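Student: Below you'll find the structure I mean.
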Amino acid sequence: MTSFDRRDLVRRALRAGGAIAVLYSFLYYVLPATTGVNLVALLNLALASASATLMNAIGFAVTQSATQLTFRAAAVVVTNDCNGLGAWLLVVGAMVAIPAVSWQSRAAGAAASAVALTSINVVRVSMLCYLQASRPLWFSTFHEQVAPLIVVITASACVAAWFHHAADVDYAAAP
Amino acid sequence: MRLLHSTWIRWAALVAVLYVGSLAAWRVLEPAYLHALERGVVTLRSVGVFRPSLQPTAVPGRGLAVIDPGRKPVAVPQRILGADLALATALILGSLWLSWRQRAYRLIAGLALVFAAHLVTIFAQEWANSSASTAVWAGWNLWTTLYQGKVVPVAVWALLMAAGIKSSSLGCTRTSTTSLKSLFV
C-alpha cells in the first residue's frame with residue numbers, strides 16, 4: 001500500500017528535480033572536467049553516425065562530417081538540443097520519484113529508456129535530414145510540432161513499461 | 001504488460017489524437033493570436049511599459065519580432081508555444097478520470113501557465129545572455145535541455161493533476177504519482 005498526500009508529492013517532485021540536476025551536472029560539467037570524457041558530445045556524434053548509417057542503408061546518399069549530415073546539398077547538425085537528453089532526464093526523474101522500487105530496477109529502466117529514446121531519435125534525425133532536403137516546408141512543423149510528441153509518447157511509454165515491470169518484480173518481492 | 005497494452009496505449013493514442021486536433025485548432029487561431037500579441041505590445045508601449053522606440057513586427061507563421069534600435073531583437077516564436085499548448089490541452093482533456101468541468105477549469109489554468117512559462121523563458125534568455133555568472137549559465141542550459149524535452153506542458157499537467165489531491169492521504173494502492181537557442185529556426 002502506497003499512500004501519498006500533497007506534501008509527499010512535493011517531496012517526490014523535489015527528489016525528481018534533484019536527480020535531474022545532479023545527473024545533468026555530472027554529464028555536462030563534472031565528467032568532462034574530471035576525466036576529459038564528454039559523453040554528451042559523444043552522444044551527438046553517435047546519433048549523427050547512426051542516422052547517416054540508417055539513411056545510407058535505405059538508399060539515401062548521406063555524407064557525415066562530425067555531427068553534420070548532408071543530403072542533396074541540405075545539411076542538418078546534431079546539437080545538444082537534438083540529442084533527446086532532456087526527455088531522458090525527465091524519464092529518470094520520474095523513475096527516481098516513484099516510491100518503493102529498487103535502485104537496480106531504476107538503473108535498468110534508465111538504461112533501457114536511453115536505448116529506446118536514442119533509437120527514436122536516430123529515426124527522428126534521419127527524417128529531419130530527409131525533410132530538410134526534400135520537403136523543406138515541412139521541416140519546421142515536423143521538428144517543432146510532430147517529433148516532440150513522438151518523443152514525449154516514447155518517454156512516457158518508457159516510464160509506464162518500466163513501472164509495470166518494476167511493480168511486477170519489486171512490489172511482488174516486498175513483504 | 002497486458003495492462004500496458006490495453007490501457008496505456010489506448011490513452012497514448014487518445015492523447016495523440018487530441019494533440020493533433022489541438023494543433024489544428026492552434027493553426028486556425030495563430031493569426032489572431034499573433035495580431036493580439038502585436039496589439040498587446042503596442043498597448044503596453046503606449047502606456048509606458050516599453051520604450052517608445054520598441055517596434056513589434058509580426059512574422060506570419062513564425063511569431064513576433066520585437067525590435068529596438070541599438071539592442072538585440074527579441075523573438076517570440078509561436079511554433080514551440082503552439083506545440084506546448086496543444087500537448088497541455090491533449091493531456092488535460094485526456095485526463096478522463098476528471099469530470100468535464102474539472103478538465104475545463106484545469107485547461108484554462110494550464111494554457112495560462114504554459115503561455116506564462118513560454119514568455120518567462122524568452123525574457124530569461126535575455127537575462128541569462130547578459131549574465132557573467134557560471135551558475136546562471138549552467139541553470140539556463142539545464143532549463144533549455146529540459147525545455148526541449150517538453151517539460152513545460154508535462155509539468156503543468158502534473159501540477160494541475162496534483163492540485164486536485166487533498167492534503168489528506170488518499171490511500172492509493174500501488175499507484176505511481178503518476179531552444180530557444182535557435183529562435184525562429
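Student: Just want to confirm a number: the relative contact order over the stretch A:30-159, from Cα pairs under 8 angstrom separated by 6+ residues, in percent. The partial results should precede the final answer.
Tutor: Numbers: 136 pairs, mean separation 34.6, N = 130.
The normalised contact order for the stretch A:30-159 reaches 27 percent.
Student: Could I ask something else about it? Taking H placed 1.01 Å from N in the peptide plane, check which residues at least 5 places from A:ALA100 or on another chain put their amide H under 5 Å from its amide H.
Tutor: Under 5 Å from the amide H of A:ALA100 lies no amide H from a residue far enough along the sequence or on another chain.
Student: Using Cα atoms only, what is the angle between the long axis of helix A:39-57 and the major principal axis of chain A, expressed in degrees (0 to 90) to the nearest 10?
Tutor: 50
Student: For the stretch B:11-26, take each phi angle, set θ = phi - 60°, evaluate the Karplus expression 6.51 cos²θ - 1.76 cosθ + 1.60, and give the result in whole Hz per residue in order, putting x for glycine and proline.
Tutor: Computed from phi, the couplings for the stretch B:11-26 are 5, 4, 5, 4, 4, 5, 5, 5, 5, 4, x, 5, 5, 5, 4, 4 Hz.
Student: In whole Å, what is the distance between the alpha-carbon centres of the stretch B:102-153 and the stretch A:137-152?
Tutor: Computed from Cα coordinates, the inter-centre distance equals 19 Å.
Student: Go ahead and estimate [θ] at 222 nm for the protein assembly as shown from helices alone: -39,500 (n - 2.57) per DSSP H run with n ≥ 4, summed, over the residue count, rounded to 500.
Tutor: -21500 deg cm²/dmol
Student: For chain A, modelled as a Gaussian network with Cα springs under 10 Å, which listed residue fluctuates most, A:TRP103, A:TRP162, A:TRP88?
Tutor: Of the options given, A:TRP103 has the highest mean-square fluctuation.
Student: Based on the mean of other Cβ atoms within 10 Å per residue, sort peptides B:63-71, B:96-104 so the most packed one is first. Intermediate results must be reported in sequence, preceding the final value.
Tutor: On the way: B:63-71: 15.1, B:96-104: 11.8.
In descending order of packing, they fall as B:63-71, B:96-104.
Student: Going by amide H atoms built from the backbone, whose H comes under 5 Å of the H on A:VAL62, apart from near neighbours?
Tutor: Placed amide hydrogens put A:ASN56 under 5 Å from A:VAL62.
Student: Below 8 Å between Cα atoms, with a sequence gap of 6+, how large is the relative contact order for the stretch A:25-89 in percent? Could you put the intermediate results ahead of the total?
Tutor: Numbers: 61 pairs, mean separation 15.9, N = 65.
Rounded, it is 25 percent for the stretch A:25-89.
Student: Take peptide A:152-159, look around each residue's Cβ out to 10 angstrom, count Cβ atoms belonging to other protein chains, and average those counts.
Tutor: Across the residues of A:152-159, the mean count of other-chain Cβ atoms within 10 Å is 4.
Student: A further question on this structure: For the stretch B:59-76, what does the Karplus curve 6.51 cos²θ - 1.76 cosθ + 1.60, with θ = phi - 60°, yield as ³J(HN,Hα) per residue in whole Hz, taken in order and with x for Gly and Pro?
Tutor: 10, x, x, 10, x, 10, 9, 9, 10, 10, x, x, 10, 5, x, 9, 9, 10
Student: Against the empirical 2.2 N^0.38 Å scaling, what ratio does the C-alpha Rg of the protein assembly as shown come to?
Tutor: Cα Rg divided by the expected 2.2 N^0.38 Å: 1.04.
Student: What is the P(r) of chain B, as percent of Cα-Cα pairs per 10 Å bin from 0?
Tutor: For chain B, the pair-distance distribution reads 8, 29, 32, 20, 9, 2, 0.
Student: Using only the alpha carbon atoms of the stretch A:1-123, find the Kirkwood hydrodynamic radius as the inverse mean reciprocal pair distance, in angstroms to one decimal.
Tutor: 16.4
Student: List the pair-distance distribution P(r) of the stretch B:56-131, using every Cα-Cα distance, as the percent of pairs falling in each 5 Å bin from 0 up to the bin containing the longest distance, rounded to whole percents.
Tutor: Per 5 Å bin, starting at 0, the Cα pair percentages come out as 3, 15, 19, 19, 15, 11, 8, 6, 3, 1, 0.
Just so you know, all these numbers are worked out from the coordinates, no wet-lab data involved. Values in this document were obtained by computation on a predicted structure and should not be read as measured data. When we count neighbours, we look across all protein chains shown, and the Cβ atoms used for this are built from the backbone with ideal geometry, even at glycine.
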